[in-house]
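Novice: One structure follows; several queries about it will come next.
The values are calculated or read from the model by the stated rules, or taken from the named source; none is laboratory data. Just so it is clear, the structure is predicted and the values come from calculations on it, not from any experiment. Note: ideal-geometry Cβ built from the backbone for every residue, glycine included; neighbour counts use all protein chains shown.
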Amino acid sequence: MTDIRGGTVLPANRTPITLMTSDGLRLVGELALPADRDPAGTLICLHPLPTQGGMMDSHLLKKASFRLPALADLAVLRFNTRGTSSQLGTSEGTFGAGEDERSDVAAAISYAAEAGLPGRWLLGWSFGTELALRWGLDGAAGRDIEGAILLSPPLRRPTDADLDRWAAAAKPLIALVPELDDYLRPDEARRRFARVPTAEVIAVDKAKHLWVGEPYVRIVMTEVVRRVNPAALPLPTTWEETLFRTGRRTAAWAAISPHAEARISCEIRAPACLPADQLTGSSSMTGSSAGLAVTARRTPGRNRAAAEATATAAAPTQTAGARPETKAVPLA
């Protein structure tokens, strides 16, 4: 049994995609889908500020792609906004200071809608939250999304008029605001978002803008899934027979072809409210992730603990021994 850590990559069908904007640019992206079932919901990820290193591989968005198709049956669409580079490539165009990116947001939402991906939510981080707030409701895009989840929203570019549009649309806004954020802290966030009746501000104790550290990553993933596919909670924290991690790929994985099948089973760590005869151990965590660290074995069913899943595994592009790209950068 392996703990799910920062570089763990779980099974999914991951496909490079190209988004076409209304002004003729090609944007580099990737769509990750559950390996063996239809998705129950969709995340359209909007990354942090590219002039400060933000991109589709910024760590929270990359970890959502690495984990949530397998753990929560979510489709995860990531892409680089215009002029932004990542390991997958560079999107055409140049940085538009949050203005020209209006077309990028529309292209991503349109792609997800035309692909028939269900339950589409915007997931923005820092600069990405500003794109979501300003352009997420534009035209047909506003009809094609369920709402937006905002991680560390600076609320620099969005105006009260932008927030009023969300209030009028009556679509949910979920803002995860770190207690120690560099740009917007919980009390001010509550004041600013008060004009949106459907907005919810979640203050995260001791967290910072970059959400560095596995406990904070798990809080984010849990709150995202709570909105998009709550039936998948609690999220597993361990995974059996994980064949590779970025940066520490096993020799066994190197020998597997891109079309091979890997047998996977997982053990759920569930809240302590389960019947005592189902509990096999316990520990504790603090913050919003409390209750996720009790190991449980469930009876067969949708979330059974000893479930086996057959997953088509795509070979990673990293070479054995390479270190993962998980650098922390200024994001606002």
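Novice: Considering only residues that are farther than 15 Å from residue 126 by Cβ and among the hydroxyl-bearing types (Ser, Thr, Tyr), which ones fall in region 52-81?
Specialist: Passing the criteria: only 65.
Novice: Out of the residues in region 207-241 that are out of contact with any strand residue (DSSP E or B) (no Cβ under 8 Å at 6 or more places or on another chain) and among the charged types (D, E, K, R), state the one that is farthest from residue 9 (Cα to Cα).
Specialist: Within region 207-241, the match that is farthest from residue 9 (Cα to Cα) is 226.
Novice: Could you grab me the full set of residues in region 53-69 that are buried (at least 24 other Cβ atoms within 10 Å of the Cβ) and more than 12 Å from the chain's Cα centre (by Cα)?
Specialist: 54, 55
Novice: Oh, and also: For region 131-145: of the residues being part of a loop (DSSP other than H, G, I, E, B) and free of Cβ contacts under 8 Å to residues at least 60 places away in the same chain, which is surrounded by the most Cβ atoms within 10 Å (Cβ to Cβ)? Working first, answer last.
Specialist: First, the residues of region 131-145 that are part of a loop (DSSP other than H, G, I, E, B): 136-138, 144-145.
When the remaining residues are screened for being free of Cβ contacts under 8 Å to residues at least 60 places away in the same chain, the result is 136-138, 144.
Numbers: 136: 28, 137: 20, 138: 14, 144: 17.
Restricting to residues being part of a loop (DSSP other than H, G, I, E, B) and free of Cβ contacts under 8 Å to residues at least 60 places away in the same chain, the top hit is 136.
Novice: Scan region 51-75 for residues that are touching a helix residue (DSSP H, G or I) at 6+ places or on another chain (Cβ under 7 Å) and under 22 Å from residue 98 (Cα atoms) and jot them down.
Specialist: 54, 60
Novice: While we're here: Does residue 109 count as in contact (Cβ under 8 Å) with a residue 60 or more places away in the chain and part of a helix (DSSP H, G or I)?
Specialist: yes
Conditions tested, residue by residue: (1) over 16 Å from residue 54 (Cβ atoms); (2) touching a strand residue (DSSP E or B) at 6+ places or on another chain (Cβ under 6 Å); (3) modelled with pLDDT of 95 or more; (4) β-branched (Val, Ile, Thr).
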| position | (1), (2), (3), (4) |
| --- | --- |
| 88 | no, yes, yes, no |
| 110 | yes, no, yes, no |
| 131 | no, yes, yes, no |
| 149 | yes, yes, yes, yes |
| 159 | yes, no, yes, yes |
| 170 | yes, no, yes, no |
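Novice: Further question: Have a look at 19, 60 and point out the one that is assigned to a strand (DSSP E or B), under 21 Å from residue 133 (Cα atoms) and in contact with a strand residue (DSSP E or B) (Cβ under 9 Å, 6 or more places away or on another chain). Talk me through it step by step, then tell me what you get.
Specialist: On the way: 60 fails: assigned to a strand (DSSP E or B).
Within the list 19, 60, the selection yields 19.
Novice: Looking at region 112-130, which of the residues that are in a helix (DSSP H, G or I) and not aliphatic (A, V, I, L, M) is surrounded by the most Cβ atoms within 10 Å (Cβ to Cβ)? Give the derivation first.
Specialist: Of region 112-130, the ones in a helix (DSSP H, G or I) are 112-114, 127-130.
Filter once more, so that each one left must be not aliphatic (A, V, I, L, M): 114, 127-130.
Values: 114: 9, 127: 28, 128: 30, 129: 32, 130: 23.
So, considering only residues that are in a helix (DSSP H, G or I) and not aliphatic (A, V, I, L, M), the one surrounded by the most Cβ atoms within 10 Å (Cβ to Cβ) is 129.
Novice: Just to be sure before I move on: is residue 98 without any contact (Cβ under 8 Å) to a residue 60 or more places away in the chain, on the phi > 0 side of the Ramachandran plot and in a loop (DSSP other than H, G, I, E, B) in the structure I sent? Explain how you work it out, then say what you get.
Specialist: Values: without any contact (Cβ under 8 Å) to a residue 60 or more places away in the chain: yes; on the phi > 0 side of the Ramachandran plot: yes; in a loop (DSSP other than H, G, I, E, B): yes.
Judged against the criteria, residue 98 is a match.
Novice: Also, quick follow-up: If a residue has to be closer than 20 Å to residue 237 by Cα and part of a strand (DSSP E or B) to count, how many in region 1-16 make the cut? Outline the logic, then answer.
Specialist: Step one: list which residues in region 1-16 are closer than 20 Å to residue 237 by Cα, which gives 1-12.
When the remaining residues are screened for being part of a strand (DSSP E or B), the result is 2-3, 8.
Summing the residues that are closer than 20 Å to residue 237 by Cα and part of a strand (DSSP E or B) in region 1-16 gives 3.
Novice: Something else: Exactly one of these conditions fails for residue 223: (1) in a helix (DSSP H, G or I); (2) of a type in the set (D, E, K, R); (3) in contact with a helix residue (DSSP H, G or I) (Cβ under 9 Å, 6 or more places away or on another chain); (4) farther than 21 Å from residue 136 by Cα. Give me its number.
Specialist: (4)
Novice: Hey, residue 203 hits all of (1) buried (at least 22 other Cβ atoms within 10 Å of the Cβ); (2) of a type in the set (A, V, I, L, M); (3) not in a helix (DSSP H, G or I) but one; which does it fall short on?
Specialist: Here residue 203 clears every test but (1).
Novice: Could you tell me how many of the residues in region 184-199 are buried (at least 17 other Cβ atoms within 10 Å of the Cβ) and either of a type in the set (Asp, Glu) or closer than 26 Å to residue 65 by Cα (or both)? Don't jump to the end; show me each part of the working.
Specialist: Let us first name the residues in region 184-199 that are buried (at least 17 other Cβ atoms within 10 Å of the Cβ), namely 184, 186, 189, 192-193, 196, 199.
Next, only the ones that are either of a type in the set (Asp, Glu) or closer than 26 Å to residue 65 by Cα (or both) stay: 199.
Going through region 184-199 one residue at a time, the tally reaches 1.
Novice: Taking the condition of being under 15 Å from residue 125 (Cα atoms) and surrounded by 19 or more Cβ atoms within 10 Å (Cβ to Cβ), how many residues in region 206-222 meet it? Give the derivation first.
Specialist: Kept after step one, since they are under 15 Å from residue 125 (Cα atoms), are these residues of region 206-222: 207-212, 216-217, 219-221.
Checking which are surrounded by 19 or more Cβ atoms within 10 Å (Cβ to Cβ) leaves us with 207, 209-211, 216-217, 219-221.
Result for region 206-222: 9.
Novice: Based on what the data block shows, is residue 42 within 16 Å of residue 12 (Cβ to Cβ), buried (at least 22 other Cβ atoms within 10 Å of the Cβ) and either without any contact (Cβ under 8 Å) to a residue 40 or more places away in the chain or in contact with a Gly (Cβ under 8 Å, 6 or more places away or on another chain) (or both)? Give the steps one after another, and end with the answer.
Specialist: On the way: within 16 Å of residue 12 (Cβ to Cβ): yes; buried (at least 22 other Cβ atoms within 10 Å of the Cβ): yes; either without any contact (Cβ under 8 Å) to a residue 40 or more places away in the chain or in contact with a Gly (Cβ under 8 Å, 6 or more places away or on another chain) (or both): yes.
Here the answer is yes, as residue 42 does meet what is asked.
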